[in-house]
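All remarks here apply to the structure that follows.
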Amino acid sequence: MSLISLLGEVFGSAFEELGLDRSYGKVFPSQRPELGDFQCNGALAAAGQSARSLATAVVDRAREDERFGDVLPAGPGFVNIRLSDRFLAQWVAEMASDPRLGAPRADEVRHVVVDYGGPNVAKPMHVGHLRSTIIGDALARIFAHLGHRVTRDPHFGDWGTQMGMLIIGVQERLPGLPYFEEGRQGGYPSESPISLGELSELYPEVAAACASDPERARAARRATLELQEGRPGYRALWKQMVRVSMESQRADFARLGVEFDLWYGESTVADRVEKMIRRMEGSGRVSKSEGATVVEVAEPEDQASLPPLLLRKSDGAALYATTDLATIEMRVEDLGADVILYVVDARQADHFRGVFRAARLTGLAPFRVGLEHVGFGTMNGPDGRPFRTREGGVVRLGELIEMVTAAARVRLEENDLVVDYSSEEREAIAETVGLAALKFGDLATHRASNYVFDPERFVSFSGKTGPYLQYGVVRIRSLLARAAAENLAQAALIPPSRPAERDLMLTLTLMPEAISRSASERAPHHLAEYTYRVAVGFTRFYDQCHILSEPDPVQQGSWLTLARYTGEVLSMLLELLGIDVPERM
RNA sequence: GCCCUUGUAGCUCAGUGGAUAGAGCGGCUGCCUCCUAAGCAGUAGGUCGCAGGUUCGAAUCCUGCCGAGGGCGCCA
């Protein structure tokens, strides 16, 4: 049980004894630290005008409790709670002796499918993929840490109209390839006729051509349909394009420290589409409209008019709504998902609203299965427009990583310590630090808002940044190593003797809420904020309490234990955020 | 036109219906013979877009208006 929930129980009981609901006992960190560590505002909610006397009555019931230093009514009916130093130290000591460091565990284990990353065939990873990948990965880590069963699936974009475009693009460039021979049934080359680099150049060209030339657009749609219907040459070419894209993207994700449990795509569910549509027809919601097969998802009480969802184009080809629905069916029936989180750009909100509605109305997803779009805003440049290179192109993920790594390299060289680091270690540190800056910068912003990616800010590494957090852990490790070398022993935590030490202990007691809140709101930025607070708390403590020169071994041992536990908590939190820590920096 | 997101310090952003709205950057002032200065301490900086409403209490909830970004059937 977390400290906050324990306090909620204690004050809940006080309210209950006074004939009121336990829920009034809810406690949260004080907004006025000079008045208390925690506060309870239940009296104000329960009694309105006469809250002050109720607060006094509640306080009377807690006053004798030795766990508290002070419990005082204040203002119109606040209750300010200060823990006794003894109890605070005891509580932190218990967290520190817990194998899970006091981190919370889910009451009920659920199977959470996290759909994130958003890779597409032939589209190299760029800045637009970063948020989905980083936020989705953090959420997956947080849910797994809570004890949930987590399945990470990037849901590869490999079946839509862009595949038809690529096929005709390749055909226009290399018309002699066997993939395009009518009637041929096999014997296709085992090597891809085209590299990922060529594919990624090809795609924007064909897409532009299809937008301006109706004839080629028609050809692309026909190729898409023929691919979906199983034309052998197209399937063989498709398989090659999928393979080269996937290999490269797996490597990109790996560089970010992100791995998936599955690597399913839209095509994975292609062969259940037919059956699914027949099943959906049973709901009476499926109809023909202008030659296309659609699901009516609008309800009379809707404020906005929801357009019907397209299941099949008028030529019969499937769309992404189709494969999204089939994927829901697969995740529910085959994987046994309890919750599916889609970490996808907020601009797709309408799409998901329609897909989720259709899945409910046609029975593909029972109501006990959660379907949630975890949307996020666009990454803009300093000018407020979507982030682009000076030339106007999108920034590749690799370029972005190189940018932050280069800055970290420069910063590292300024550090006198590195003279005896090997060049390999310097390079590894630079990449780890650069990635931390990149990830933390992204994770620290609430996911719903657009945010400005300012390259200068991301490479500064001072203040509230990923490297600051890493620095905290590195200093703790270095400290503990020195202590061990001098045979200094860690010892039982004693009550805090300095303000910064007490603040750090108090901050550490709030860790369970930081994790559970990030999970319940699907918002890792709460955890990022909290992690920063812990790091700040440690640095101040480190500054105020000079541990290695402390003459009193009891005090010193206690401080070493506090430093060790703080280091463990920071490491755990950084792991949940997907941020690695170098040995030294 | 309808819908979604958003508006908080010079800049970038936090903020769980509660008291005196917080960080970082940037500005100014200090601190390395002392556990890593990627650090610490201090200081200045705010009509929480505007107007109403609900409430004992609103940056937070509701309504309207204004600004920004985005979405609105055969792309994803």
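The values are calculated or read from the model by the stated rules, or taken from the named source; none is laboratory data. Model, not experiment: these values are computed from the prediction. Positions of Cβ are generated from backbone atoms using ideal geometry, with glycine treated the same way; all protein chains shown enter the neighbour counts.
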Can you work out which of the residues in the stretch A:279-315 that are more than 36 Å from the chain's Cα centre (by Cα) and either assigned to a helix (DSSP H, G or I) or near RNA strand B (Cβ under 9 Å from one of its atoms) (or both) is farthest from A:G160 (Cα to Cα)?
A:E281
Counting only residues in the stretch A:458-476 that are outside any loop (DSSP other than H, G, I, E, B), more than 6 Å from RNA strand B (Cβ to nearest atom) and of a type outside the set (A, V, I, L, M), the one nearest to A:R347 (Cα to Cα) is identified as A:F458
Residues that are within 8 Å of RNA strand B (Cβ to nearest atom) and within 30 Å of A:V286 (Cβ to Cβ): does the stretch A:403-416 have at least one?
no
Selection over the stretch A:84-117 where residues are surrounded by fewer than 22 Cβ atoms within 10 Å (Cβ to Cβ) and over 24 Å from A:S571 (Cβ atoms) yields a count of 9
Does A:G197 satisfy the criteria of being assigned to a loop (DSSP other than H, G, I, E, B) and surrounded by fewer than 17 Cβ atoms within 10 Å (Cβ to Cβ)?
no
Determine the pairs where a residue that is under 13 Å from A:R243 (Cα atoms), located within the stretch A:185-201, has a partner that is surrounded by 11 or more Cβ atoms within 10 Å (Cβ to Cβ) and of a type in the set (G, A, S) with Cβ atoms under 8 Å apart, the partner being 6 or more residues away or on another chain.
A:L196/A:A122; A:L196/A:S245; A:L196/A:S248; A:L199/A:A122; A:L199/A:S245
How many of the residues making up the stretch A:351-374 are in contact (Cβ under 8 Å) with a residue 40 or more places away in the chain, within 13 Å of RNA strand B (Cβ to nearest atom) and surrounded by fewer than 18 Cβ atoms within 10 Å (Cβ to Cβ)?
1
Anything in the stretch A:503-553 that is among the charged types (D, E, K, R), free of Cβ contacts under 8 Å to residues at least 60 places away in the same chain and not in a helix (DSSP H, G or I)? List them, or say none.
A:E521, A:E550, A:D552
Taking the stretch A:31-90 and keeping only residues that are part of a helix (DSSP H, G or I), aliphatic (A, V, I, L, M) and within 20 Å of A:S5 (Cα to Cα), one is left with A:A43, A:L44, A:A45, A:A46, A:A55, A:V58, A:V59, A:A62, A:L88, A:A89
On the basis of being at pLDDT 90 or above and closer than 27 Å to A:G136 by Cα, does A:E281 make the cut?
no
For the stretch A:25-48, which residues satisfy the criterion of being touching a strand residue (DSSP E or B) at 6+ places or on another chain (Cβ under 9 Å) and more than 25 Å from A:L508 (Cα to Cα)?
A:A43, A:L44
Take the residues in the stretch A:132-170 that are assigned to a loop (DSSP other than H, G, I, E, B) and within 11 Å of RNA strand B (Cβ to nearest atom), then tell me which one is farthest from A:D261 (Cα to Cα).
A:G160
Yes/no for A:E329 being out of contact with any strand residue (DSSP E or B) (no Cβ under 9 Å at 6 or more places or on another chain), under 21 Å from A:R279 (Cβ atoms) and surrounded by fewer than 18 Cβ atoms within 10 Å (Cβ to Cβ)
no
Starting from the stretch A:314-331, keep only residues that are of a type in the set (K, R), then list their pairs with residues that are at pLDDT 90 or above whose Cβ atoms are within a distance under 6 Å, requiring at least 6 positions of separation or different chains.
A:R331/A:V113; A:R331/A:A337; A:R331/A:I340
Looking at the stretch A:171-192, is at least one residue under 37 Å from the mean Cα position of the chain (by Cα), surrounded by 20 or more Cβ atoms within 10 Å (Cβ to Cβ) and not polar (S, T, N, Q)?
no
Residue count, the stretch A:94-120, condition in contact with an Asp or Glu (Cβ under 7 Å, 6 or more places away or on another chain) and among the acidic types (D, E), comes to 1
Please go through the stretch A:268-305 and pick out each residue that is among the small types (G, A, S) and either farther than 29 Å from A:R235 by Cβ or in contact with a strand residue (DSSP E or B) (Cβ under 8 Å, 6 or more places away or on another chain) (or both).
A:A270, A:G282, A:S283, A:G284, A:S287, A:S289, A:A292, A:A298, A:A304, A:S305
Across the stretch A:517-548, which residue is nearest to RNA strand B (Cβ to nearest atom) among those that are surrounded by fewer than 20 Cβ atoms within 10 Å (Cβ to Cβ) and of a type in the set (S, T, N, Q)?
A:T539
